[in-house]
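Have a look at the structure below before the remarks.
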Amino acid sequence: PRAQITAPPDRLRHLKSCIALVPVVNIAGIEPGKLHLTGEIIAEIYAGKILKWSDAKIAKINEGLKLPDANITPVYRSDASGTTNIFTTYLSSVSEAWKKDFGAATTVSWPVGQGGKGNEGVTATVKQVPNSVGYVESAYAKQNKLSYALIENKAGKFPQPDDKAFQAAAASADWKSTPGFGIALTNQAGADAWPITAATFILVHKEPADAAKSAEVLKFFDWAYKNGDKLASELDYVPLPDAVVTLIHDEWKTIKSKDGKPVFGN
């Protein structure tokens, strides 16, 4: 489940890790990280309002970059997915027109483009269709050596889509004042923050029927936080910042057995 999912009242969200989405393109001669886009431009491409790579809005922020006078083919997830939820949540946060006309959901009524099932389907379609653009998890872009675009973040910067930028988005969020860590990490403040980032979660009962089992679950995640960063990075997932992990450990104190005692002790 993604950050947009609301936990039932008897359960506590528990953060696992961060993921990020990147726009990937298939434009002849455009190397990874050379194309710059804004959230508004991406929204207008997927809304069918910007139709060509030579559009003046794209050219304005890509001075000196030779872009073709070719039709853009937006590629989207044909299946309902958390990835689309994250992507459309981002578009809704940067474009009032997108929010009004399409909104944020696991699937929307795409007005233009081609669909692909799963990250792998979007990846394959972008590879096959010249002048296309799609959105995939950063791991797919990296593993498939896709050309990606940089996105202007809330601070007006164009960070590289790497672990530093994904962690910066998580570090910038106001976790402490948000019950259950229910934050969408899209469009976070911070010069280094990647704008399309999200958290993944598990759900844990606040008053578990079996306190011993819940304790073992939390012991596993405690081990993962202390020892699993390298493993997560090798799988192209992003470990949570240390400050966020500290907040999570504090939240575990609210998970109690029926006698009112915390099930986990650090």
Original post:
Sorted from largest down, what three extents in whole angstroms do the Cα atoms of the stretch 125-266 have along their principal axes?
Top reply: 62, 30, 23
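Taking a cut-off of 16 Å, what percent of all Cα-Cα pairs in the stretch 174-217 are separated by more than that?
On the way: 529 of 946 pairs.
The proportion of pairs with Cα distances above 16 Å equals 56 percent.
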Subject >> For a label point 7 Å along the Cα-to-beta-carbon line of Thr178, residues of the stretch 194-236 with backbone N under 14 Å >> reply: 194-201
**OP:** Could you work out how far helix 211-227 tilts from the main Cα principal axis of the chain, as a 0 to 90 degree angle to the nearest 10?
**Re:** 50 degrees
**OP:** Determine the per residue accessible area of the chain with all protein chains present and a 1.4 angstrom probe, expressed in square angstrom.
**Re:** 48 Å²
Original post:
Which whole-number percent gives the relative contact order of the chain, counting Cα pairs below 8 Å spaced six or more residues apart?
Top reply: 28 percent
Subject >> Label of the coordinate-derived value, P(r) over Cα pairs in 10 Å bins from 0, in percent, listed as (i) 7, 28, 32, 24, 9, 0; (ii) 7, 29, 33, 18, 9, 3, 0; (iii) 7, 26, 24, 18, 14, 8, 3, 0 >> reply: (ii)
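Take the solvent-accessible surface of the protein heavy atoms, probe 1.4 Å, and return the percent of it on the stretch 199-263 that carbon and sulfur atoms account for. Don't skip to the answer; put the middle values down first.
Details: 2210 of 3830 Å².
That fraction is 58 percent.
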**OP:** Subtract the Cα-Cα distance of Asp79 and His249 from 0.36 nm times their separation in residues, and report this length gain in nm to one decimal.
**Re:** 57.7 nm
Subject >> Helix 82-94 vs. the chain, principal-axis angle (Cα, 0 to 90°, nearest 10) >> reply: 70 degrees
**OP:** Assign unit charges at the C-beta atoms only (+1 for Lys and Arg, -1 for Asp and Glu), then state the dipole size of the stretch 79-232 relative to its Cα centre in Debye, rounded to the nearest 20.
**Re:** 180 debye
Subject >> With DNA, RNA and ligands ignored, accessible area of Glu216 (1.4 Å probe; Å², nearest 10) >> reply: 110 Å²
Original post:
Placing +1 at every Lys and Arg Cβ and -1 at every Asp and Glu Cβ, with all other atoms neutral, what dipole size does the chain have around its Cα centre, in debye to the nearest 20?
Top reply: 200 debye
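The values are calculated or read from the model by the stated rules, or taken from the named source; none is laboratory data. Note that the structure is a prediction, hence the values are computed from the model and not measured. Positions of Cβ are generated from backbone atoms using ideal geometry, with glycine treated the same way; all protein chains shown enter the neighbour counts. Ligands, DNA and RNA are stripped out before the accessible areas are found, and what is left, the full protein with its side chains, is counted by its heavy atoms. Shrake-Rupley method; radii C 1.70, N 1.55, O 1.52, S 1.80 Å.
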